[in-house]
Amino acid sequence: MELKNPSVLPQVSVFFFFSFLLLPSLICGQICQRACGKDILKYPFGSGPGCGDPLFQPYVSCSEQKLTFKTHTGSYYVNSIDYTNQVLVISDPTMSTCSFTVPSKGFGLNGDAPFTFDDSTIFALLDCSNNSSSICTTPTDSNDNGVEKISKLLCDQGTPICSLFYSCRPISTINMPISSCCVYTPVNLGPSFEMDLQKLQCSSYSGFYGYNDQQSDPEKWNYGISIKYKFSVTNDFPAPCAACERSYGVCGYSSASNSFLCNCPNGINTTNDCYFPSYNSAITNGVAWLINLKAWFLVWFFL
């Protein structure tokens, strides 16, 4: 077959090259992922910018297939997420357990973040000074004999948690007095949710969120920090996101305006769900447009 215009052969090659470059963009995969490593991702959390809820994205992110929780005190791995009860559990490598003790500066939540401590979390402050004005108080009754008053920790010392925890080998070998242990249960760190151990004059802390049916055995306790989250002030799950997830989409947002977007399996973003007609027809129409354009070009080229 004789070519009508052999001189246009380079232009034809360029046309087909860019056509095939354009085709994958019409059938690209879903940008927002459904998992981060072994952790399933659901609203309000996302795999990266533009995914999940913009209010949560600065605090919970996926990095190297590890889900990470960030506050002003550091970054912590997420151990688990309970989406039904809206609770996530994190681990702090500077937190002491029954297996080891380490010095720590403490832990705190950002005041403007949508998180609070879950009621199941128990903090034990370790090796605290009884002279700390932040957590100690002096009895109001005066001693007329001039005997020096003894300070007393404000938080709970009557709980058996301290005696059980101080029986752990790493702590018992240090010979810290049980009186230097202070327990917050339920957690009450004030409106700032801040535990500054340097200010409290404590060298370390431990946190756990359950006894694992072994209340008398601190080696079996569930160590970590249990944190509660809320979707909003009313804590209502957003209806557009529910519709998006029912249509196999992933809830996300526009980076420019933080407005809701539904990221569909083939990469198309919609403002409602993946059953929207434009989603189902966008790929088909785009591919058909390319095929028709190539067909007409070939007819013209070989005539």
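The values are calculated or read from the model by the stated rules, or taken from the named source; none is laboratory data. This one's a predicted model, so the numbers in the text were calculated from it and none came from an experiment. Reconstructed Cβ throughout: ideal geometry from the backbone, glycine too, with neighbour counts over all protein chains shown. Just so you know, the surface numbers come from the protein's heavy atoms only, side chains and all, with ligands and any DNA or RNA stripped out. Shrake-Rupley method; radii C 1.70, N 1.55, O 1.52, S 1.80 Å.
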### Task
Can you run down the residue pairs with Cβ atoms below 6 Å, 6 or more apart or on separate chains, where the first is in the stretch 113-132 and in contact (Cβ under 8 Å) with a residue 60 or more places away in the chain and open to solvent by 30 Å² or more (accessible area, probe 1.4 Å) and the partner is in a loop (DSSP other than H, G, I, E, B) and of a type in the set (A, V, I, L, M, F, W, C)?
Asp127/Met176
### Task
Only residues in the stretch 58-71 that are of a type in the set (Gly, Ala, Ser) count as the first member; pair them with residues that are open to solvent by 30 Å² or more (accessible area, probe 1.4 Å), Cβ under 8 angstrom, at least 6 apart or cross-chain, and list the lot.
Ser61/Lys70
### Task
Take the stretch 63-111 and flag every residue that is among the hydrophobic types (A, V, I, L, M, F, W, C) and surrounded by 15 or more Cβ atoms within 10 Å (Cβ to Cβ).
Leu67, Phe69, Val78, Ile81, Val87, Leu88, Val89, Ile90, Met95, Cys98, Phe107, Leu109
### Message
Just to verify a result, which residue in the stretch 133-158, among those that are in a loop (DSSP other than H, G, I, E, B) and under 15 Å from Val183 (Cβ atoms), is modelled with the highest pLDDT?
### Response
Cys155
### Task
Of the conditions (1) open to solvent by 10 Å² or more (accessible area, probe 1.4 Å); (2) in a loop (DSSP other than H, G, I, E, B); (3) out of contact with any Leu (no Cβ under 8 Å at 6 or more places or on another chain), Phe56 clears all except one; give me its number.
(1)
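Scan the stretch 82-100 and tell me whether some residue there is small (Gly, Ala, Ser), touching a strand residue (DSSP E or B) at 6+ places or on another chain (Cβ under 9 Å) and over 28 Å from Arg169 (Cα atoms). Let's see the steps before the verdict.
Restricting attention to the stretch 82-100, the residues satisfying the condition of being small (Gly, Ala, Ser) are 91, 96, 99.
Those left that are additionally touching a strand residue (DSSP E or B) at 6+ places or on another chain (Cβ under 9 Å): 91, 96, 99.
If we keep only those that are over 28 Å from Arg169 (Cα atoms) as well, we get none.
No, the stretch 82-100 contains no residue that is small (Gly, Ala, Ser), touching a strand residue (DSSP E or B) at 6+ places or on another chain (Cβ under 9 Å) and over 28 Å from Arg169 (Cα atoms).
Just for the stretch 223-267: of the residues that are among the aromatic types (Phe, Trp, Tyr) and within 18 Å of Val87 (Cβ to Cβ), which one is nearest to the chain's Cα centre (by Cα)? Walk me through how you get there before you give the answer.
Narrowing the stretch 223-267 to residues among the aromatic types (Phe, Trp, Tyr): 223, 229, 231, 237, 248, 253, 260.
Checking the rest, the ones that are also within 18 Å of Val87 (Cβ to Cβ) come to 223, 229, 231, 237.
Values: Tyr223: 18, Tyr229: 10, Phe231: 13, Phe237: 17 Å.
Filtering the stretch 223-267 for residues that are among the aromatic types (Phe, Trp, Tyr) and within 18 Å of Val87 (Cβ to Cβ), the one nearest to the chain's Cα centre (by Cα) comes out as Tyr229.
Can you spot a residue in the stretch 35-46 that is modelled with pLDDT under 55 and either over 15 Å from the mean Cα position of the chain (by Cα) or open to solvent by less than 40 Å² (accessible area, probe 1.4 Å) (or both)?
Applying the first criterion (modelled with pLDDT under 55) to the stretch 35-46 yields none.
No, every residue in the stretch 35-46 fails to be modelled with pLDDT under 55 and either over 15 Å from the mean Cα position of the chain (by Cα) or open to solvent by less than 40 Å² (accessible area, probe 1.4 Å) (or both).
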